[in-house]
Structures are given as structure tokens and as C-alpha cells.
1. Keeping to the range 35-67, report how many residues are closer than 11 Å to His21 by Cβ and of a type outside the set (Val, Ile, Thr).
2. Can you list the helices (runs of 4 or more DSSP H) found entirely within the chain that contain at least 2 residues being in contact (Cβ under 8 Å) with a residue 60 or more places away in the chain, surrounded by 14 or more Cβ atoms within 10 Å (Cβ to Cβ) and basic (Lys, Arg)?
3. In the range 3-55, which residues are farther than 14 Å from Ala67 by Cβ and among the β-branched types (Val, Ile, Thr)?
Amino acid sequence: MIAKAFTPKQQSVLAVMGDQHLTSKEILDKVEGINLLLELYPALEALRNYGAIHSYNQGEYKYHCAA
């Protein structure tokens, strides 16, 4: 996994996640440059495809964490 391959939005998502397990809403509240969930979801999907993050469901919430 090469960090240079990530877009600025993807890098921002990774930066706010750190080692925390966050919901999409929590990520959206912290990340700069992404204002809508519709902008966040493609970034999360691409990061999942790269293997940079893992997502899981707990109760009614979906959490994301850096790999």
C-alpha cells in the first residue's frame, strides 16, 4: 500500500481515523474537505478496496478503522 496512491480526500479520511473505530457520521464530522456523506462513501469504498481500512457492523451502526 503506497500512500501516494491515495487522493487528498482518502488521505484526509485516514488522517482523522488514526487508530479509532468511527462511524461514517463521526468521520464526516472530523474530516475537512468532505461535506456530504455522498462524497465520503466513495472514499471509504476505495480505501476498503486498497485494504487500508476495515469496516464492520456493531448493532445498528457500521464502524470503520484503519488496517
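Each value in this text was obtained by applying a stated rule to the coordinates, not by laboratory testing. Since the model is a prediction, treat every value here as computed from it, not as a measurement. Using ideal geometry, Cβ is built from the backbone for each residue, glycine included, and neighbour counts are taken over all protein chains shown.
1. The total comes to 10.
2. none
3. Thr7, Val16, Thr23, Ile27, Val31, Ile34
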